[in-house]
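Accompanying notes for the structure given below.
The values are calculated or read from the model by the stated rules, or taken from the named source; none is laboratory data. The structure displayed is predicted, hence computed values, not measured ones. Counting neighbours? That spans all protein chains shown, and the Cβs are built from the backbone with ideal geometry, glycine included. These area figures cover heavy atoms from the full protein model, side chains too; ligands, DNA and RNA do not enter into them. Shrake-Rupley method; radii C 1.70, N 1.55, O 1.52, S 1.80 Å.
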Amino acid sequence: MEKTEEPKALNVLTIRCPICGNKTLQIKETEYYIPYLGKALLVSRYCSSCHYRKSEIVPLEPKRHQRIYVRISSEDDLKVKIVRTSTTSIEIPEHGIYIYPGIDAPFFITNVEGILQRFYDAARRIAILSQNKEERIASMLFLEKIDRLRNDPSPFTLILDDPAGLAKVIGSKKLKFILVEDVEGD
Ligand SMILES: [Zn+2]
């Protein structure tokens, strides 16, 4: 069922900016409803002096820690839609790929191809911009892994691990194999 709640502005405050040091960083908190995520808090920061900008989405209706296993074995499977939140880790064990939360957007809906592309782009930016040699080598290796994955037609397992239990696979009817596991503890 679709809820159509109006966004609610909750708080606005101005603090010292961590980037430029001026007391011109405005923080706005807005509560709103996001499909698939439920009620969420949008926290946006903007500094009018140095134009530093950052925003994050904090889900307000977290569920139980879940791991979702998806078997990707055809080109159609690559089109399956995924909801990924800022707390979701992504693992592709066959290719040694582990992506932890926080290296990209806070919340997005994409397909498996799109996820691979996002990580490829992020790693490529790091490889180009990094001054740190180890970091650059690590991101080059990561790029190779993603390339291998795209050119290798053999099936692989995609695991979405979300402590907040909000990650989802949408339109998964065609998938041959999917397992959702509740994680105890944590
Ligand atoms: Zn600033």
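List of remarks:
- In the chain, the portion of solvent-accessible area held by carbon and sulfur atoms comes to 53 percent [1.4 Å probe, whole percent, DNA, RNA and ligands not counted].
- In order along region 25-40, the phi-based Karplus estimate (6.51 cos²θ - 1.76 cosθ + 1.60, θ = phi - 60°) of 3J(HN,Hα) comes to 8, 9, 10, 10, 10, 10, 9, 8, 9, 10, x, 6, 9, x, 5, 9 Hz; Gly and Pro are listed as x.
- Average Cα contact separation per residue, region 66-182, under 8 Å, 6 or more apart, as relative contact order %: 51 percent
- Fraction of the pair-distance distribution of the chain above 30 Å, Cα-Cα pairs, percent: 32 percent
- Probe 1.4 Å, accessible area per residue of region 46-186, Å²: 58 Å²
- Cα-derived Rg over Rh, computed across region 8-59 with Rh taken as Kirkwood radius: 1.07
- Here each label is just a point 7 Å from Cα along the line to Cβ, and for Lys8 and Glu29 those points are 1.2 nm apart.
- Using alpha-carbon coordinates, inclination of helix 112-129 to the longest axis of the chain, degrees: 60 degrees
- Cα-based shape type of region 103-168, given that a ≥ b ≥ c are square roots of the gyration tensor eigenvalues and the cut on a/c is 1.5: oblate
- Between the amide H of Thr24 and those of Cys17, distances stay under 5 Å, these residues lying 5 or more places away or on another chain, with hydrogens modeled in the peptide plane.
- Three-way shape call for region 33-140 based on the alpha-carbon gyration tensor, with the a/c threshold at 1.5: oblate
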